[in-house]
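Data block below; observations after.
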């Protein structure tokens, strides 16, 4: 926690060790806190803006998952310029923090909105705590400038429902601690900048491994596509809920593998698509050159035997896209039926699929290496998802591949699309939940509402 008094930063280190997984992150954190209160210009981007009552507001991107934006101040308004990373032309991800914002009406303007895919009627999100996941939509749409009054002194503002690298580290730790019977975790290697990469293995130890099929899931190859993390979290919850409930079971026996932080450095530094070294990881699976790809390949080759299915959870800024992308050479008619069923649950692009044979993708590697299907699932980042909707999508995508014995007969029905692509501003809080989803009897969707 950083506390500011008369522009001098003091630091409370209690509990901070658990939040910082590498010495590199520790040094960067200390550098940011030491400078923030003194200069107001921290890391990639920072400004200090004077308010009418004489207080100051400091803005910065120098924290885990901060980035994607340059910040300036003009005439009492915070000017935001969305920036790309490594030449990626489709501007999108932005995440920054304000200090000293409590009880102040703060004005913003996105200077290059017309250069991005962000709709003019979109609204950014904010939270006072990244750990809480309690994100709130701003009152105003981004077009022609917007303002917001905040209750908290420290406020995180993001284009999407951010999911920092450290949150994946904490999630891994919590899962192993809370479900020791079913969950094993492993550090599968380090990123180019020394951050740990993790794998989560979930299975029923009472069933011999040779009787199980493997389901492999990865996410955040493109670090700014944060909806993938929320989909993976929901899939993990679905799996553990089933294994922990003695009254229900999967139709078949599986060993579930999850890699939650495929691009740790890109996640930490707030990149949209690439690693800090400029790699688009989902075009490098045929080269094995980035260390992140090498780590994931090694884990899969050592731990996957009989692959039933794979998921690569993504999202996109493109409003005209498809719910599921798959490699056309690796599927049969039954696989196509499953792919169609997965797509039926998409709230962004219901019932749309697309085949592709893009070289260097994770799904091409799974196809070639294991003669199995991996699909890319997509969510439109500007749909203004409620947390419950992201949870519903993730669970339902996954349930089509790992159905339970209590799943509805006659096929699963599509969730009600409460916010069609392109008109989200007309439906500011799309939290109406469908009633016919295979969540399982113990899943309470109200818990996912923010």
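Looking at the range 173-324 only, what percent of DSSP beta bridges run antiparallel? Nearest 5 please. Percent antiparallel among DSSP bridges in the range 173-324 is about 50. Here each label is just a point 7 Å from Cα along the line to Cβ, and for residue 211 and residue 179 those points are 2.0 nm apart.
Using 0.36 nm per residue of separation minus the Cα-Cα distance, give me the extension gain between residue 75 and residue 251 in nm, one decimal.
Working it through step by step, the gained length comes to 57.1 nm.
Any chance you could check the Cα centroid distance between the range 94-115 and the range 137-198 for me, in angstrom? Comparing the Cα centres of the range 94-115 and the range 137-198, I get a distance of 20 Å. Packing, as the average of other Cβ atoms within 10 Å across residues, places the peptides 309-319, 224-234 in the order 224-234, 309-319, highest first. Full extension of the chain between residue 143 and residue 333 gives 63.8 nm of extra length, using 0.36 nm per residue less the Cα-Cα distance. Packing order of peptides 396-402, 280-286, 296-302, highest average first: 396-402, 280-286, 296-302 (average count of other Cβ atoms within 10 Å over each peptide's residues).
Quote to one decimal, in nm, the extra length available between residue 358 and residue 405 on full extension: 0.36 nm per residue of separation minus the C-alpha distance between them.
13.3 nm
Among 154-163, 325-334, 243-252, the peptide with the highest mean count of other Cβ atoms within 10 Å heads the list, and the full ranking is 154-163, 325-334, 243-252.
Read the figures in this text as sums done on the coordinates, not as results from a lab. What you see is a predicted model; the values in this text were computed from it and never measured. Ideal geometry is used to build each Cβ from the backbone, glycine not excepted, and the neighbour counts take in all protein chains shown.
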